[in-house]
1. Suppose we filter the range 1-60 for residues that are surrounded by fewer than 11 Cβ atoms within 10 Å (Cβ to Cβ) and touching a helix residue (DSSP H, G or I) at 6+ places or on another chain (Cβ under 6 Å); how many remain?
2. Which members of the range 70-80 meet the condition of being free of Cβ contacts under 8 Å to residues at least 60 places away in the same chain and within 13 Å of the chain's Cα centre (by Cα)?
3. Please determine, by comparing only the residues of the range 1-17 that are of a type outside the set (S, T, N, Q) and more than 17 Å from the chain's Cα centre (by Cα), which one is farthest from PRO82 (Cα to Cα).
4. Please specify each residue of the range 107-131 satisfying the condition of being surrounded by 15 or more Cβ atoms within 10 Å (Cβ to Cβ) and either in a strand (DSSP E or B) or at pLDDT below 95 (or both).
5. Determine if the range 83-92 includes at least one residue that is within 16 Å of the ligand (Cβ to nearest atom), free of Cβ contacts under 8 Å to residues at least 60 places away in the same chain, surrounded by 14 or more Cβ atoms within 10 Å (Cβ to Cβ) and outside any loop (DSSP other than H, G, I, E, B).
6. Taking LYS40 and the conditions (1) touching a Phe, Trp or Tyr at 6+ places or on another chain (Cβ under 7 Å); (2) of a type outside the set (Gly, Ala, Ser); (3) within 14 Å of the ligand (Cβ to nearest atom), which numbered condition does it fall short on, given that it satisfies the others?
7. Kindly indicate the residue of the range 7-37 that is among the charged types (D, E, K, R) and either more than 14 Å from the ligand (Cβ to nearest atom) or outside any loop (DSSP other than H, G, I, E, B) (or both) and also farthest from ILE78 (Cα to Cα) among those meeting that condition.
Amino acid sequence: MYKIIDLEVKGGDSGSLISLEQNKNIPFDIKRVYYIFDTKLGVTRGFHAHKKLKQVIICVSGSCEIMLDNGFDKVNIILNDPSKGILIESKIWREISNFSKDCVIVVVTDALYDKDDYIRNYEDFLKIVRR
Ligand code: TYD
């Protein structure tokens, strides 16, 4: 359903640094990067799957919780470590909640934004993955 990518932490006495490189620690050509921050208290986001898109999600500050669902099983993962990437393939439903005030999520994807790649209706999602 997902894979954890260990991101090597560089840096020394001055602090830490992680670099994301396409087809190195990120297992695809990087087409887009976006970040989610300043999420209001109690909000749950996501509620979609992608038809084709692959992505790696990294919580670079604070914490949140992600629920992943392949139409058969569900898992909950706590994201609170900037050195762990979560690789999510297409056709996985996700809901992200319990954002801390300082939570920043970086999302690295293999495609430009395309609203037609979204499956936003859960019943449609189940039909697609179960057929
Ligand atoms: P949305 O997908 O609704 O966010 P979430 O699923 O995390 O709740 O995206 C919020 C808005 O941002 C929506 O108007 C679409 C827009 N958007 C872009 O323009 N480009 C992007 O790369 C993404 C991810 C969203």
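1. Selection size over the range 1-60: 0.
2. Scanning the range 70-80 gives ASN76, ILE78, LEU79, ASN80.
3. Of everything passing the filter in the range 1-17, ASP13 is farthest from PRO82 (Cα to Cα).
4. VAL107, VAL108, THR109, ILE119
5. no
6. Just one mismatch for LYS40, condition (1).
7. Taking the candidates together, the pick is ASP13.
The values are calculated or read from the model by the stated rules, or taken from the named source; none is laboratory data. Keep in mind the model is a prediction, meaning the values are calculated, not measured. For neighbour counting, all protein chains shown are included, and Cβ atoms are generated from backbone atoms with ideal geometry for every residue, glycine included.
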